[in-house]
Amino acid sequence: MVGTDPASRIYVERKARVAERLGFAHRQVDLPPDISQERLLALVAELNRVQKVDGILVQLPLPGDLDGDAVLEAIDPAKDVDCFHPLNTGLLTLGRPRFVPCTAAAIMAILEHWGVGLSGRSATVVGRSPIVGRPVSLLLDRAGATVTVCHSRTPDLEPHVRAADILVLALGRPLAIPGRWVKPGAAVLDVGINRMPDGSLCGDLDYGHAMDRAAYITPVPGGVGPMTIAMLMRNTFLAASARQNVTPG
Ligand code: GUN
């Protein structure tokens, strides 16, 4: 963790708490916001070398002029439990994933838990970030859905949202999607975690009307977020197993 971003602090604390609960040994390294790129890269290189470290996670965003891409690329791909290294992104794109990015994995796990079939269905993903929108659109595509990816340049979101049997919202704009756009019977996964002026949290979806229309819907907070942490722990377990040449059972 570099710097003091309050939201990042909360996320890192949550991850640490779950790791502890599962009995993983973990260490949080708090670095000053003015750390140099060289020192940060040197620390990652050291953690790459330490045998007993199975997973490395650099919380994003990095403050100031730090080059996040270079830092993510410096992580040993075998320890890249966030699945942000270009090698792991490439394997995912080819359909041969070693890890799956945690939020995308969380969405797929929730859909599986609900028993929502994907093959032949229409999926709309709003947002194309490398952390959420892009990987989840790849996974939905591989699962046989017809995927539409919308983003800030999409002139008219409404028809794409209305057509979606599976709707993934990863825009980061509070209450941006009206509930009345949700297709009756749709499965809705809201990844947005937005802080309102009164301090409360809300998603990208305006839940009014959506609750009556959707067959399945995740709440904010408490929906995709906790599952994302569970998937991080799964990736860490997979990394540890692979590094010890053990097949996880
Ligand atoms: N910042 C926002 N989401 C994430 C995440 O999944 N991993 C890391 N490392 N940083 C983030």
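The values are calculated or read from the model by the stated rules, or taken from the named source; none is laboratory data. Note that the structure is a prediction, hence the values are computed from the model and not measured. So basically every Cβ, Gly included, is an ideal-geometry build from the backbone, and we count neighbours across all protein chains shown. For accessibility, only protein heavy atoms count, side chains too; no ligands or nucleic acids. Shrake-Rupley method; radii C 1.70, N 1.55, O 1.52, S 1.80 Å.
Helix 133-142 sits at what angle to the longest principal axis of the chain, using alpha carbons and giving 0 to 90 degrees rounded to 10?
Helix 133-142 and the main axis of the chain meet at about 70 degrees.
Once you mark the trypsin sites (Lys or Arg not before Pro) that are in a DSSP loop and have at most 11 other Cβ atoms within 10 Å, what is the longest gap between them in the chain?
Longest run free of exposed loop sites: 53-152.
Based on DSSP, what percent of beta bridges with both residues in the chain are antiparallel, to the nearest 5?
10 percent
Can you tell me which of G172, G120, G223 moves the most in a GNM of the chain? Springs connect C-alpha atoms under 10 Å apart.
Top of the fluctuation ranking is G120.
7 Å from Cα along Cα→Cβ at both D69 and R17: what's the point-to-point distance in nm?
3.6 nm
Quick one: accessible area per residue over the stretch 102-249, 1.4 Å probe, rounded to a whole number of Å²?
48 Å²
Is the C-alpha gyration tensor of the stretch 87-174 telling us rounded, prolate or oblate? Criteria: a/c under 1.5 is rounded; beyond that, a/b larger than b/c is prolate, otherwise oblate.
Oblate.
Counting DSSP beta bridges in the stretch 107-188, what percent are antiparallel, to the nearest 5?
In the stretch 107-188, approximately 0 percent of DSSP beta bridges are antiparallel ones.
What FRET efficiency comes out for the pair N48/L201, r = Cβ-Cβ distance, R0 = 30 Å, nearest 0.05?
For N48 and L201, the calculated efficiency is 0.25.
Determine, from the Cβ-Cβ distance of H209 and E112 and an R0 of 22 Å, the FRET efficiency 1/(1 + (r/R0)^6), rounded to the nearest 0.05.
0.25
For the Cα atoms of the chain, what angle does the longest principal axis make with the long axis of helix 6-22, in degrees from 0 to 90, nearest 10?
For helix 6-22, the angle is close to 80 degrees.
Let me make sure I get this right: for the stretch 14-53, a, b and c are the square roots of the gyration tensor eigenvalues over alpha carbons, sorted descending. Under 1.5 in a/c it's rounded, otherwise prolate if a/b > b/c, else oblate. Which is it?
Note, shape of the stretch 14-53 comes out oblate.
Report the calculated FRET efficiency for H151 and N194 (r = Cβ-Cβ distance, R0 = 22 Å), to the nearest 0.05.
Efficiency, from the Cβ-Cβ distance: 0.80.
Report the residue, chosen from P77, P226, P197, that carries the largest GNM mean-square fluctuation when the chain is represented by alpha-carbon nodes joined by springs under 10 Å.
Checking each option, the largest mean-square fluctuation is seen for P197.
Heavy-atom accessible area of C83 with all protein chains present, probe 1.4 Å, nearest 10 Å²?
About 0 Å², rounded to the nearest 10.
For the chain, with a Gaussian network of springs between Cα atoms less than 10 Å apart, report the residue from G179, G64, G203 with the top mean-square fluctuation.
G64
Taking only Cα atoms, what is the 0 to 90° angle, nearest 10, from helix 224-243's long axis to the longest principal axis of the chain?
The angle comes out at about 40 degrees.
Give the accessible area for F237 in Å² (nearest 10); use a 1.4 Å probe, count only protein heavy atoms, and leave out ligands, DNA and RNA.
100 Å²
Leaving ligands, DNA and RNA out of it, rank S36, S119 by accessible area with a 1.4 Å probe, largest first.
From most exposed to least exposed: S119, S36.
How large is the helix-only mean residue ellipticity at 222 nm for the chain, computed as the sum of -39500 (n - 2.57) over DSSP H runs with n ≥ 4, divided by its residue count, in deg cm²/dmol to the nearest 500?
Roughly -11500 deg cm²/dmol at 222 nm, from the helical runs in the chain.
Determine the shape class of the stretch 1-82: with a ≥ b ≥ c the square roots of the Cα gyration tensor eigenvalues, call it rounded for a/c under 1.5, and otherwise prolate if a/b is greater than b/c, oblate otherwise.
oblate
Percent of accessible area on the stretch 80-183 owned by carbon and sulfur, 1.4 Å probe?
Its accessible area is 52 percent carbon and sulfur atoms.
If you find the alpha carbon centre of the stretch 1-31 and of the stretch 104-134, how far apart are they in angstrom?
The stretch 1-31 and the stretch 104-134 have Cα centres spaced 26 Å from each other.
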